[in-house]
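**Q** One structure, pasted below without further comment.
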Amino acid sequence: MQRREFHKNPSKGSTVVGIGYKGDKVRVDQFAYKVKEKTWYSRGTVTRRSDGKRVRGYAIYYCVNPYEVSPPPAYPKRP
């Protein structure tokens, strides 16, 4: 099983608040871009099939959306 770690903040080093697995329902409501890591993050809620528990947090965009069904917004250019 592929697992996804959901973090408290959009960063690889932040605290993990929960884990979701492949096939679980994920509802994404926000995108975040981490400039230092050059990584897109998605914030959303996952409902696990195994126990029905909901976990809310940030996960790496390509882990939550591997087929890029809903692409992240274009990176805003700085002036």
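**Q** I need the full set of residues from region 6-32 which are within 11 Å of VAL46 (Cβ to Cβ), in a strand (DSSP E or B) and open to solvent by less than 90 Å² (accessible area, probe 1.4 Å), in order please.
**A** PHE6, VAL17, GLY18, ILE19, GLY20, TYR21, VAL26, VAL28
**Q** Check TRP40 against each of (1) among the hydrophobic types (A, V, I, L, M, F, W, C); (2) more than 19 Å from GLU68 (Cα to Cα); (3) touching a helix residue (DSSP H, G or I) at 6+ places or on another chain (Cβ under 6 Å) and name the one condition it does not meet.
**A** Here TRP40 meets the rest and fails (2).
**Q** Given the conditions (1) modelled with pLDDT of 90 or more; (2) open to solvent by 100 Å² or more (accessible area, probe 1.4 Å), and given that MET1 satisfies all but one, which numbered condition is not satisfied?
**A** If we test MET1 against (1) modelled with pLDDT of 90 or more; (2) open to solvent by 100 Å² or more (accessible area, probe 1.4 Å), just (1) comes out false.
**Q** Next question, about the same structure. I want to confirm something. Restricting to region 23-59 and keeping residues that are modelled with pLDDT of 90 or more and hydrophobic (A, V, I, L, M, F, W, C), which single residue is nearest to LYS12 (Cα to Cα)?
**A** Applying the filter and picking the extreme gives ALA59.
**Q** Another question about this same structure. Testing PRO72 on (1) modelled with pLDDT under 85; (2) part of a loop (DSSP other than H, G, I, E, B); (3) surrounded by fewer than 16 Cβ atoms within 10 Å (Cβ to Cβ), one condition comes back false. Which one is that?
**A** That leaves (3) as the condition not met.
**Q** Still on this structure: So which residues in region 33-52 are small (Gly, Ala, Ser) and open to solvent by 70 Å² or more (accessible area, probe 1.4 Å)? Talk me through it step by step, then tell me what you get.
**A** Of all residues in region 33-52, those small (Gly, Ala, Ser) come to 42, 44, 50, 52.
Hit for region 33-52 is SER50, nothing else.
The values are calculated or read from the model by the stated rules, or taken from the named source; none is laboratory data. Quantities reported herein were computed from a predicted structural model and do not represent experimental measurements. Here the Cβ is made from the backbone with ideal geometry for all residues, glycine too, and neighbour counts use every protein chain on show. Note: areas computed on protein heavy atoms with side chains; ligands, DNA, RNA excluded. Shrake-Rupley method; radii C 1.70, N 1.55, O 1.52, S 1.80 Å.
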